[in-house]
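Following: one structure in structure tokens, then a few remarks.
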Amino acid sequence: MTSKTFSRAGLMALILGVFLGICVNVSSVTPAYAQDVETLSCDSKVQKECSPNSGDTAWMLTSTAIVLMMTIPGLGLFYGGMVRKKNVGDTVMTSFAITCLISILWVLFTYSLAFREGGNVFGYDMGWFIGGLDRVGLQDILSDIASSKGNPNPLAPTIPESVYVCFQLTFAIITAALIAGSFAERMKFSAMMCFIGLWAIFVYTPVAHWVWGPDGMFNWANAHSFVNVLDFAGGTVVHVNSGTAGLMCCLVLGRRKDTGPAHNIVLTFIGASLLWVGWFGFNAGSAVTAGMQAGMAMLVTQVATATAAFTWMMVEWIMRGKPTVIGICSGAVAGLVAITPASGYVGPLGALWIGIAAGIVCYWACTGLKHMLGYDDALDAFGVHAIGGATGALLTGVFAVKQYGGTPGLLEGNFMQPVYQAIGVGTVFIYDCIVTLIILKLVDLVIGLRVPEEVERDGLDLALHGETVQ
């Protein structure tokens with residue numbers, strides 16, 4: 001009996017000893033194994049099979065959502081309230097349809113052409129002008145959720161490339177949608193779709209690459225750039241670009257047969273408010289990190305916007321005797337536009353002066369300049385966006401602070417920066433005018449640009465869409 005008991009006890013002890021030995025061996029091996037499969041964090045130096053920063057990613061997801069909100073419903077309501085009731089349906093549908101069209105083009109090839117490195121074309125390096133085709137169809141984006149590995153775009157090294165794709169898509173969307181303010185109430189819906197699609201390919205895509213592309217000719221971060229243009233969030237790429245295209249649309253289409261007051265100023269107020277809120281994602285999000293530069297960009301956006309709106313209101317009050325809802329909303333958008341290129345480079349006092357300048361200059365552009373030259377910019381896309389964007393871009397070269405954005409401006413002794421800014425604005429303006437004119441003439445030749453006179457008189461909603469706003 002004793003022998004059986006001892007043998008059982010010995011067997012149990014042997015099994016326990018073997019089990020403990022295995023555990024000790026496994027525990028000694030585990031750290032080495034973990035070290036072998038450890039995923040490094042993505043940063044400016046590590047950009048292959050790395051793990052994105054969760055804080056930056058969360059901020060950029062939020063920014064992407066609120067920038068999309070700027071177009072739908074923000075811009076749609078802002079523009080929709082300023083047109084006459086018979087055209088409000090066409091106006092808001094334009095914003096929605098453009099959102100869909102630009103999204104499809106972005107997936108197919110325009111993202112790749114705008115934000116990837118270029119290559120040789122017939123033996124010539126064209127990266128200074130246009131990007132490459134390695135992301136056609138958004139192929140080869142690494143997003144391995146099992147190992148938390150991704151290959152970020154070098155322009156946004158701490159977030160997944162999929163998030164950066166969506167963020168920049170919202171910029172492409174609103175840029176195209178802004179143009180509609182100039183040709184409102186008189187362009188065929190079919191012509192609008194053809195024009196916007198071609199414009200996005202041949203104008204927005206190369207201009208975005210010039211300024212923001214990794215090897216673009218104006219990108220200040222590109223060591224081989226021709227001219228170092230500071231454009232933090234789109235003063236030239238978005239606003240000068242869209243406003244100039246709007247001017248060409250005005251000139252080619254001609255004046256409306258009849259005009260009238262805004263049909264619903266409350267819609268415009270709501271739209272402007274959504275734009276203001278969304279612009280924090282637009283400007284602060286352009287830091288592509290949740291850090292100090294994003295915080296300063298948010299602060300100066302608020303300062304410039306409030307100052308420009310207040311300035312416009314006071315100028316209008318003095319000049320016309322009464323402040324208006326449309327006026328203060330337009331002033332706020334002018335301030336948002338002007339601070340856009342400067343938001344990552346200037347401080348609060350610089351933003352204050354930019355806001356004052358935007359309120360005064362854009363008010364003059366939407367009243368005096370428009371009447372002087374005689375073009376019919378229906379909702380002042382050129383006066384607010386092209387003029388406001390150019391004003392902000394030029395003043396960025398004056399008020400830029402090295403501490404905030406890494407590049408000093410004129411006030412800190414960098415006398416060439418305003419010159420660089422002027423070259424950037426002038427180049428975009430000239431290129432945009434030429435290519436936009438060609439596209440408009442081509443579309444007009446094929447399907448015609450303008451609705452018949454009776455459609456314009458009765459309203460675009462019923463004739464083009466078969467529905468009306470009651």
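Observations on the model:
- Within region 110-138, residues that are closer than 20 Å to P152 by Cα have Cβ atoms under 6 Å from residues that are among the acidic types (D, E) in these pairs: R116/D134; E117/D215; G118/D215; G127/E117; G127/D215; G132/E117, counting only partners at least 6 apart in sequence or on another chain.
- Taking the conditions (1) part of a helix (DSSP H, G or I); (2) in contact with a helix residue (DSSP H, G or I) (Cβ under 8 Å, 6 or more places away or on another chain); (3) of a type outside the set (F, W, Y) in turn, S190 satisfies each one other than (2).
- Residues satisfying the stated conditions in region 159-202, i.e. touching an Asp or Glu at 6+ places or on another chain (Cβ under 6 Å) and of a type in the set (D, E, K, R): R186
- Looking across region 105-143, the residues that are of a type in the set (S, T, N, Q) and either in contact with a Leu (Cβ under 9 Å, 6 or more places away or on another chain) or assigned to a helix (DSSP H, G or I) (or both) come down to T110, S112.
- Only one of G137, G76 that is small (G, A, S) and buried (at least 21 other Cβ atoms within 10 Å of the Cβ): G76
- Positions within region 375-389 being buried (at least 24 other Cβ atoms within 10 Å of the Cβ) and out of contact with any Phe, Trp or Tyr (no Cβ under 8 Å at 6 or more places or on another chain), in sequence order: D377, D380, A381, G383, V384, H385, I387, G388, G389
- Hey, A233 assigned to a loop (DSSP other than H, G, I, E, B), hydrophobic (A, V, I, L, M, F, W, C) and at pLDDT below 95 or not: no
- The helices (runs of 4 or more DSSP H) located wholly in region 325-408 that include 1 or more residues which are among the small types (G, A, S) and farther than 23 Å from F218 by Cα occupy 325-339, 348-364.
- Considering G424, G405, the condition of being buried (at least 16 other Cβ atoms within 10 Å of the Cβ), within 21 Å of the chain's Cα centre (by Cα), in contact (Cβ under 8 Å) with a residue 40 or more places away in the chain and closer than 18 Å to G350 by Cα is satisfied by G405 alone.
- Condition broken by L336, with the remaining ones in (1) without any contact (Cβ under 8 Å) to a residue 12 or more places away in the chain; (2) crowded, with 24+ Cβ neighbours inside 10 Å satisfied: (1)
The values are calculated or read from the model by the stated rules, or taken from the named source; none is laboratory data. Worth saying up front: this structure is predicted, and the values here are computed from it rather than measured. As a convention, Cβ positions derive from the backbone with ideal geometry for all residues, glycine included, and neighbour counts pool all protein chains shown.
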